Amino acid sequence: MFATSYPPEPAENVSGPALELLDEMRIRLMECRLVLQALSGHADMNFDELENDLDVAEGGVQNAHAAASLVHQGAALDARWGADWSRPRAIFARHGAAVRGGATRVLPERSVGDRIERALWQLPPADRMQNFTGPRPQCQSAVRATGAQCVSRAVYLGTGSFGAHCYTHANRHERDQYRMHLDIVAASQSELYEKLSDQRHRIGQEVSERWLQTRADRRRWAEEVGLQPRSADGGGE
Ligand SMILES: [Zn+2]
């Protein structure tokens, strides 16, 4: 036996249905958040703590799904630290260690939950025109102390155009244009934010209605669960 060899461990595995269920769990937590927001019109209460709890829980499920996706794809993992199964963070760390050791990096698969999150919670980039390729122009001024050319980037004035100078060396006209550009970006961002917020509210109401429609089934299910014998009561086998 070599000193560096690890004791044999059972290979970890995550099934396809398990992965689907974790994504579904995340989506149901998103539904909870949407319903909670829609509740504000019907309940005069402050639910900010509950909202935060749901947010944290959803983040936890998202991590669990991403880590499970790595295991499901057979990503290389360094040896486990103990006898117990790894938590999501440990899976990421073990895969990171394996990649540093030369293994191929595997990314979590995109899930349905990711798509919903992007559509309902993420604002698009502030200024699409800024996403152009190629280097950004450099400031035309010289640094007073050394006389060398300033190495800062020229200020961005929106819609793909730049000033001749960085913010420090900008003249008043450039600074005014720069501030105007920032105001326009801020206004369009807050408009987009409002739109997203309205959309979440509308979908929250739809989900709320769907939930209310299934309440009769829920009550029936609760009764059925109550009728099932509990093993602690000595009922059944
Ligand atoms: Zn400059």
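A short reminder: the numbers here are calculations on the coordinates, not readings from a lab. Predicted, not measured: the structure shown is a model, and the values here were computed from it. Glycine gets a Cβ as well: all are built from the backbone with ideal geometry, and neighbour counts include every protein chain shown.
Taking only Cα atoms, what is the 0 to 90° angle, nearest 10, from helix 88-100's long axis to the longest principal axis of the chain?
Between the helix axis and the principal axis of the chain, the angle is about 60 degrees.
Give me, ordered by chain and number, the residues 5 or more places off Phe162 or on other chains with an amide H under 5 Å from its own placed amide H.
For Phe162, whose amide H was placed from the backbone, the distant partners under 5 Å are Leu157.
I need to check one value: relative contact order of the chain, counting alpha carbon pairs closer than 8 Å and at least 6 residues apart, in percent.
Values: 200 pairs, mean separation 42.6, N = 237.
Relative contact order, the chain: 18 percent.
How charged is the neighbourhood of Met25? Take every other residue with its Cβ under 12 Å from the Cβ of Met25, and add Lys/Arg as +1 and Asp/Glu as -1. Spell out each step's value before the answer.
On the way: positive: Arg26, Arg28; negative: Glu20, Asp23, Glu24, Glu31, Glu58.
Around Met25, the surrounding residues sum to -3.
Considering the options Leu22, Tyr193, Ala142, tell which one lies farthest towards the positive end of the dipole of the chain, charges being +1 on Lys and Arg and -1 on Asp and Glu at the Cβ, about the Cα centre.
Value computed over the given set: Ala142.
222 nm [θ] for the chain, helices only, -39500 (n - 2.57) per DSSP H run of 4+, per residue, to 500? Don't jump to the answer; show the numbers that get you there.
Working: 6 runs with 127 residues, N = 237.
Taking each H run of at least 4 residues, the total per residue is -18500 deg cm²/dmol.
So what J values fall out for the range 208-221 if you push phi through Karplus, 6.51 cos²θ - 1.76 cosθ + 1.60 with θ = phi - 60°, rounded to Hz, Gly and Pro as x?
Ordered by residue, 3J(HN,Hα) equals 4, 4, 4, 4, 5, 5, 9, 4, 4, 4, 4, 4, 4, 4 Hz.
Please compute P(r) over all alpha-carbon pairs of the chain, binned at 5 Å starting from zero, and give each bin as a whole-number percent.
1, 5, 8, 9, 9, 9, 10, 11, 11, 9, 7, 4, 3, 2, 1, 1, 0, 0, 0
Per residue of the range 108-119, what does 6.51 cos²θ - 1.76 cosθ + 1.60 with θ = phi - 60° give for ³J(HN,Hα)? Whole Hz please, x for Gly and Pro, Karplus curve as stated.
x, 5, 5, 10, 4, x, 4, 5, 5, 4, 4, 5
I need the shape label for the range 128-233. Rule: rounded when a/c is under 1.5, else prolate if a/b > b/c, else oblate, with a, b, c from the alpha carbon gyration tensor.
On the way: a/c = 5.83, a/b = 3.36, b/c = 1.74.
Here the range 128-233 falls in the prolate category.
Calculate the dipole size of the chain relative to its Cα centre from +1 charges on Lys and Arg beta carbons and -1 charges on Asp and Glu beta carbons; express the result in debye to the nearest 20.
Working: 28 positive and 32 negative charges, 251 e Å.
So the dipole magnitude of the chain works out to roughly 1200 debye.
Can you compute the modelled spin-label distance between Ser161 and Arg115, with each label point 7 Å from Cα toward Cβ, in nm?
4.1 nm
Full extension from Ala186 to Val99: what is 0.36 nm times the residue separation minus their Cα-Cα distance, to one decimal in nm? Provide the component values of the computation, followed by the final result.
Numbers: separation 87, 0.36 × 87 = 31.32 nm, distance 4.06 nm.
Difference between extended and current length: 27.3 nm.
Once you list every other residue whose beta carbon is under 9 Å from the beta carbon of Ala64, what net charge do they have if Lys and Arg are +1 and Asp and Glu are -1? Spell out each step's value before the answer.
Working: positive: Arg26, Arg87; negative: none.
My count for the surroundings of Ala64 gives +2.
Tell me, Asp55, Asp78, Asp44 in order of fewest to most beta-carbon neighbours within 10 Å?
Asp44, Asp55, Asp78
With +1 on the Cβ of every Lys and Arg and -1 on the Cβ of every Asp and Glu, and nothing else charged, how large is the dipole of the range 88-217 about its Cα centre, in debye rounded to the nearest 20? Before the final figure, lay out the partial values.
Numbers: 19 positive and 13 negative charges, 129 e Å.
So the magnitude is around 620 debye.
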